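Structure first, commentary second.
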Amino acid sequence: MDLSLDIYSPVQPLQNQLFADKGLQVYIKRDDLIHPIISGNKWRKLKYTLQEANRQGKHHLVTFGGAYSNHLMATAAAAAKFGFKATGFVRGEEVSNDTLFMCRLHGMQLIFTDRESYRDKHTLFEKHFGNDTNAFFIDEGGASIEGAQGVAELIDELPQTYDHIFCACGTGTTAAGIINGLTTHGSPTAFNGVPALKGGDFLREDIDKMLTTPADYVLHTGYHFGGYGKTTPDLIDFIKKFIAETGILIDPVYTGKMLYALYDLAAKDHFARGSKILVIHTGGVWGLLGMKEKFGF
Ligand SMILES: *Cc1c(COP(=O)(O)O)cnc(C)c1O
């Protein structure tokens with residue numbers, strides 16, 4: 001079975017008055033263009049996971065997510081594309097929204113699960129699919145060593161060396177993959193993660209577990225805007241302005257917060273003049289659809 005996608009993810013310059021004034025060269029790697037639904041880091045995290053499922057002869061992907069999960073949607077679309085069956089456990093009572101519509105459209109079966117049972121994913125999996133020898137467990141958000149392994153390949157694609165890489169963090173799998181890729185290349189690039197969740201320092205433990213070699217990195221934990229999925233009018237204004245000025249869609253959950261952090265740090269002279277900075281666009285632009293009412297149009 002051919003479990004691959006042709007990766008189209010160009011690195012493009014991101015130019016504006018702020019970066020010019022501060023003497024910064026900023027670029028954005030467009031992982032959002034990899035696939036309309038299996039976008040960004042979600043494809044990279046699924047690649048070796050699907051290969052492992054296939055190697056074990058398992059053709060039913062079982063995974064987990066909230067009602068707005070980009071991972072659920074990406075898994076549904078990847079399953080459809082590569083001929084797997086898919087089931088998604090959705091946290092919370094039954095709802096319908098654009099994300100779940102896309103999951104169902106790609107043939108994913110959804111099982112709504114109360115928050116209490118949702119906590120123990122392995123028990124849920126055993127209870128429903130313990131007897132299904134075809135079922136393959138994929139953790140929430142695609143968090144896994146295979147996930148990080150797929151993300152590390154992003155570094156092989158870079159056309160030059162940067163002083164900094166910026167990336168949004170949820171489970172930290174993408175961060176770990178990028179750091180591992182930098183280590184493999186012996187790269188001096190500093191990794192800067194921007195956690196989308198409050199209390200982002202907990203993430204350090206999760207990232208460290210997935211590192212192939214211990215490494216230093218920076219987490220900018222002050223840009224969660226109240227917590228996961230939370231926004232402020234200031235963040236929404238930034239996103240509106242960014243999209244209208246660049247033609248690049250970003251979302252309020254992940255990439256919006258990460259880019260806000262970069263612009264804010266640049267304005268506060270955090271970076272040396274002449275620094276080269278690469279931003280990873282991790283995709284997930286459909287997250288915008290769950291937040292339309294915040295934009296007040
Ligand atoms: C899922 C997601 C992330 C978080 O990735 P992790 O590997 O869980 O840290 C970041 N950005 C976007 C757009 C995402 O959809």
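What follows is calculated from the coordinates using simple rules that are stated; it is not laboratory data. As the structure is a computational prediction, the values presented were derived from the model and not from experiment. FYI the Cβ positions are ideal-geometry reconstructions off the backbone, even for glycines, and counts take in every protein chain you see.
Brief remarks on what is shown
- Approximating the spin labels as points 7 Å out from Cα along Cα→Cβ, the GLU245-to-VAL218 distance works out to 2.0 nm.
- Here the chain is treated with +1 on each Lys and Arg Cβ and -1 on each Asp and Glu Cβ, and its dipole about the Cα centre works out to around 260 debye.
- For VAL26, the amide hydrogen comes within under 5 Å of the amide hydrogens of LEU14, ILE277, counting only partners 5 or more places away or on other chains and with H modelled in the peptide plane.
- Extension gain, PHE129-ARG104: 0.36 nm per intervening residue step, less the Cα-Cα distance, totals 7.1 nm.
- For segment 204-219, 3J(HN,Hα) per residue [Karplus equation, 6.51 cos²θ - 1.76 cosθ + 1.60, θ = phi - 60°, Hz, x = Gly/Pro]: 3, 4, 5, 5, 4, 4, 9, 7, 6, 9, x, 8, 8, 7, 10, 10
- Charging the Cβ of each Asp and Glu at -1 and of each Lys and Arg at +1, and nothing else, the dipole of segment 213-297 about its Cα centre rounds to 60 debye.
- Fewest-first sequence of LYS241, LYS257 by Cβ atoms within 10 Å of each Cβ: LYS241, LYS257
- Label-to-label distance for ASP2 and PHE295 is 3.6 nm, based on points extended 7 Å past Cα in the beta-carbon direction.
- Cβ crowding within 10 Å ranks ASP2, ASP208 as ASP2, ASP208, fewest other Cβ atoms first.
- DSSP beta bridges fully contained in segment 1-117 are about 20 percent antiparallel.
- Selection from THR113, VAL26, GLY247 lying farthest towards where the dipole of the chain points positive, charges on Cβ: GLY247
- Cβ-defined net charge surrounding LEU211, 14 Å radius [Lys, Arg +1; Asp, Glu -1]: -2
- Mean separation of Cα contacts under 8 Å, 6 or more apart, over the residue count of segment 41-142: relative contact order %: 36
- Förster-model FRET efficiency, 30 Å R0, GLU205 and ALA20, C-beta, rounded to 0.05: 0.15
- Protection-proxy order for peptides 160-170, 96-106, 119-129, each taking the mean of Cβ atoms within 10 Å per residue, highest first: 160-170, 96-106, 119-129
- Choice from GLY247, GLY200, GLY23 showing the highest fluctuation, given a GNM over the chain with Cα pairs closer than 10 Å: GLY247
- A cut-off of 5 Å between modelled amide H atoms, ignoring neighbours fewer than 5 places along the same chain, links CYS169 with VAL194, ALA196.
- Relative contact order [Cα under 8 Å, 6+ residues apart], the chain, whole percent: 22
- Segment 67-122: relative contact order in percent, alpha carbon pairs under 8 Å with at least 6 residues between: 42
- Karplus-derived HN-Hα couplings along segment 235-251 (A = 6.51, B = -1.76, C = 1.60, θ = phi - 60°), whole Hz, x at Gly and Pro: 5, 4, 4, 4, 5, 4, 5, 4, 5, 5, 8, 10, x, 9, 6, 10, 10
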